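A short write-up of the structure that comes next.
The values are calculated or read from the model by the stated rules, or taken from the named source; none is laboratory data. All values reported here derive from a predicted model rather than from experimental measurement. So basically every Cβ, Gly included, is an ideal-geometry build from the backbone, and we count neighbours across all protein chains shown.
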């Protein structure tokens, strides 16, 4: 066996992400929704994704490989000479750290680079990790690097050398990512230098990722402006109107209709409702209607 190449490591990571999203996170989300309600699902959505990832990696590695590694004929081993199979402790620690990685990266970004949007820092850290994989073909994630977990290829040597996953296939792409990171660092230092000269606070460049983050913040504000969903008792996310005119979160409405497959009815007016007759309200803003005693009602 010989060390795995970057294309196969990357494919295994993408395969695992696909399996986690479609076959672990969705069932886990459905279970939490059934047990605690849609408001829990909406509130802890990102934590559920991290939990699903940790469970998947732990249960997969306890049997030897993740499904992505098995799909790409990879065998995870510990760093060193000679290489060894991972023990149970290292496997569980790998699963735990992979689940906590998003939270740890966010805290790192906030504490070390308080003037830069956290999502920008996280994106650059991930690009740096990807660049190292493309250039040196060693570790696929920061956690694998931290724990010294590498991959060996189970493919025949001749096949590995000649197919589209040959060694250093992505080396040129790694150089491009390196150049991109150098340019980003140079722009960051220049803007910081100018800000210090002018005696003002450092203002980060508004690249596409910053714009996406602002769009996400705008979505949160829009959710708050959309009023309360009477199914989950939280701010409406992706407000959707039924044929009778009542408005709910899209996910709450979809779960409500699915749970009443023999004929879903509106919880308010008891009229028949279907997914096909529901209409998404992209620009909807709930109007606050004054009620007795000066209390405002935000429901539509």
Output the helices (runs of 4 or more DSSP H) that fall wholly within segment 1-96 and possess 2 or more residues being in contact (Cβ under 8 Å) with a residue 40 or more places away in the chain, buried (at least 17 other Cβ atoms within 10 Å of the Cβ) and in the same structural domain as residue 153 (by TED's automatic domain parsing), or say none. 6-19, 38-43, 45-61, 67-71
Matching residues in segment 60-87 (touching a helix residue (DSSP H, G or I) at 6+ places or on another chain (Cβ under 9 Å) and over 17 Å from residue 16 (Cβ atoms)) number 2
Of everything in segment 249-265, what is buried (at least 16 other Cβ atoms within 10 Å of the Cβ), over 21 Å from residue 43 (Cβ atoms) and touching a strand residue (DSSP E or B) at 6+ places or on another chain (Cβ under 8 Å)? Give them in sequence order. 264
Inspect all residues belonging to segment 262-273 and state whether any of them is outside the structural domain of residue 41 (by TED's automatic domain parsing), at pLDDT 85 or above, in contact with a helix residue (DSSP H, G or I) (Cβ under 7 Å, 6 or more places away or on another chain) and part of a strand (DSSP E or B). no
In segment 105-120, is there at least one residue being in contact with a strand residue (DSSP E or B) (Cβ under 8 Å, 6 or more places away or on another chain) and either surrounded by 18 or more Cβ atoms within 10 Å (Cβ to Cβ) or in the same structural domain as residue 192 (by TED's automatic domain parsing) (or both)? no
Please list, ordered by residue number, the helices (runs of 4 or more DSSP H) wholly in segment 112-180 having 1 or more residues that are at pLDDT 95 or above. 118-136, 142-147
